[in-house]
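Here the structure comes first, spelled out in C-alpha cells, and everything after it is commentary.
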Amino acid sequence: AETQAGKSAIVSAHPLNVGGIGETGCLAANLLAAQADLIIGIGTRYTDFTTSSKSLFQHPEVEFLNLNISPCDALKLDGVQVLADARAALQALGEILGQQGYRSDWGDAPELARAQLDAEVDRVYQVDYQQPDFAPEITDHLDPAVLREFIELTGSCLTQSQVLGVLNHSLADDAVIVAAAGSLPGDLQRAWRSKGVNTYHLEYGYSCMGYEVNAALGVKLAEPGREVYALVGDGSYMMLHSELPTSIQERRKINVVLFDNMTFGCINNLQMGNGMDSFGTEFRYRNAQTGKLDGGFVPVDFAMSAAAYGCKTYKVSTLEQLHMALADARLQTVSTLIDIKVLPKTMIHSYLTWWRVGVAQVSTSPRTDAAAQKLNLALSKARQY
C-alpha cells in the first residue's frame, strides 16, 4: 500500500501494489488494511489521513512494525521500533523470514482486491454527465440546479474523474505530475495509475494551496528532460502561481492543468458532510438582496490570465478539446496552461474510511447533531493512541 509520499516508488501495475491507503486511499488497500494483523510501516509518519484518524486497522490483534530513521515516528501506534535505513532493514527481515520459511496467510485476497480496484478505477474514469444513469460521486446536499447553472455558464459537462482518466491515459509514462491541495490529491491517490517510477509528486502533509505550480518548476529544474504537469484547482491557482512567469523567464517549460469547478470543492464537501451548509466555498457574486455570497457563479478566463505571462493556453469544455490540447501542449517549448471547466461534485468519493473533524457537540441544528453522533460513534472504534 502507498501513502501520498510513497506513490510511484513502485509502479501501479506491480501485482503486489494495492494502491493508496487511508482517508484519501483506494478500495483495495483500505479493504485489506482493515483485515491485516501486522502492519509494516516503512518510513511512514502514520499521519491522520494515512491511518484514517487511527480507525483504519480494525483487526482485534493488529500489531505494528515500524521501520524508520526517526524515533518519534517509529514509536507511533505502540509499534515495534526498528531504527534503520528502510532498504537495509527490509533486506535483513527478508533473509530472516526466508530462513524460517515464512508464508503469508493472505492467499488470493490481494489479487481479488486489486481486481476490485481496477474495476472501480475504470468506472470512475468513465463517469459521464451525458449518460442516463449519471450520478455525482459526491451527493451530499447537491442541488441539481447548480450543475445546470454551471453547464449553461461554461458549456462544459465534463466530470473531474473523467478528465483524470484522459490524463492518465494520455501522458507519457515518464511524465511527472505535481499536486497538493483540494480534491485532486484524494482523486489521484485513489485512482491514478503510476506508469513510471518517481512520476508522482504530491505535497499533502499540509494541503498546501499554491505549492503545485511552484513545485512543478522545481521538478522541471531537477528533471529537464521530462514533461511536468501541475494539476491544480481554480482555488489553489488563484492562491499562488508566482513561479509560472518565472518558468517563462527561465525558459523552463511546465504544463499547468487547471480544473475549474468554481468552488473550493474539497472544503465544500467537508462542510456539507459534517452538518453545515456551504459557507464561502463557492465562487459566487454577492447577492444585493440577501447580502450573502449566494448570487450567480463568477466566471474566470484562466487561459487569458496565463496568456498574459506568455504561456501557450487552451480552453477546454469537451473531451475532443482536451485531447487536442494535451497533444499540442507536448509540442510547445514554452509553459502551457489548459483551462478545463469541470462539474462540481464530480471528484471521487472516499472508500471505507473516516476522518476525524471537529463538530459542534451542542447545536440547534438536527444535521449538526447527527454529525456529532456519527463522530462519537466513529471515535469509539478508533485507537486511543
Original post:
Across the range 37-68, what is the number of residues that are under 18 Å from Trp354 (Cβ atoms) and crowded, with 18+ Cβ neighbours inside 10 Å?
Top reply: 11
Original post:
Considering only the range 302-320, how many residues are farther than 28 Å from Gln130 by Cβ, small (Gly, Ala, Ser) and surrounded by fewer than 21 Cβ atoms within 10 Å (Cβ to Cβ)?
Top reply: 4
**OP:** Could you list, in sequence order, all residues of the range 321-338 that are touching a Cys at 6+ places or on another chain (Cβ under 8 Å) and exposed (fewer than 14 other Cβ atoms within 10 Å of the Cβ)?
**Re:** none
**OP:** Output yes when any residue across the range 241-249 is of a type in the set (Val, Ile, Thr) and farther than 14 Å from Val334 by Cα, and no when none is.
**Re:** no
Subject >> Near pairs, Cβ below 7 angstrom, 6+ apart or cross-chain, from the range 162-185 (over 25 Å from Met238 (Cα atoms)) to any residue that is at pLDDT 95 or above and among the acidic types (Asp, Glu) >> reply: Ala172/Glu227
Original post:
How do the pairs read when you match residues in the range 369-384 that are free of Cβ contacts under 8 Å to residues at least 12 places away in the same chain with residues anywhere that are assigned to a helix (DSSP H, G or I) and surrounded by fewer than 13 Cβ atoms within 10 Å (Cβ to Cβ), using Cβ under 8 Å and keeping only pairs 6 or more apart or on different chains?
Top reply: none
**OP:** Could you grab me the full set of residues in the range 112-165 that are closer than 16 Å to Asn261 by Cα, exposed (fewer than 14 other Cβ atoms within 10 Å of the Cβ) and either of a type in the set (A, V, I, L, M, F, W, C) or touching a Gly at 6+ places or on another chain (Cβ under 6 Å) (or both)?
**Re:** Ala145
**OP:** Only residues that are hydrophobic (A, V, I, L, M, F, W, C) and in contact (Cβ under 8 Å) with a residue 60 or more places away in the chain: list them for the range 239-258, please.
**Re:** Leu244, Ile248, Ile254, Val256, Val257, Leu258
Original post:
Given the conditions (1) in a strand (DSSP E or B); (2) under 26 Å from the mean Cα position of the chain (by Cα), which single one is not true for Glu137?
Top reply: (1)
Original post:
Pick from the range 1-36 the residues that are among the aliphatic types (A, V, I, L, M) and closer than 19 Å to Gly205 by Cα: which of them is surrounded by the fewest Cβ atoms within 10 Å (Cβ to Cβ)?
Top reply: Ala9
Subject >> Residue satisfying condition, being touching a Pro at 6+ places or on another chain (Cβ under 6 Å) and buried (at least 21 other Cβ atoms within 10 Å of the Cβ), within set Lys345, Lys341 >> reply: Lys345
Original post:
When the range 263-278 is examined, which residues are found to be within 28 Å of Met324 (Cα to Cα) and assigned to a helix (DSSP H, G or I)?
Top reply: Gly265
Original post:
Just checking, how many residues over the range 212-262 are part of a helix (DSSP H, G or I), farther than 20 Å from Leu184 by Cα and either in contact with a His (Cβ under 8 Å, 6 or more places away or on another chain) or of a type in the set (Ser, Thr, Tyr) (or both)?
Top reply: 2
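The values are calculated or read from the model by the stated rules, or taken from the named source; none is laboratory data. Note that the coordinates shown come from a computational prediction; the quantities given were computed from them, not determined experimentally. Here the Cβ is made from the backbone with ideal geometry for all residues, glycine too, and neighbour counts use every protein chain on show.
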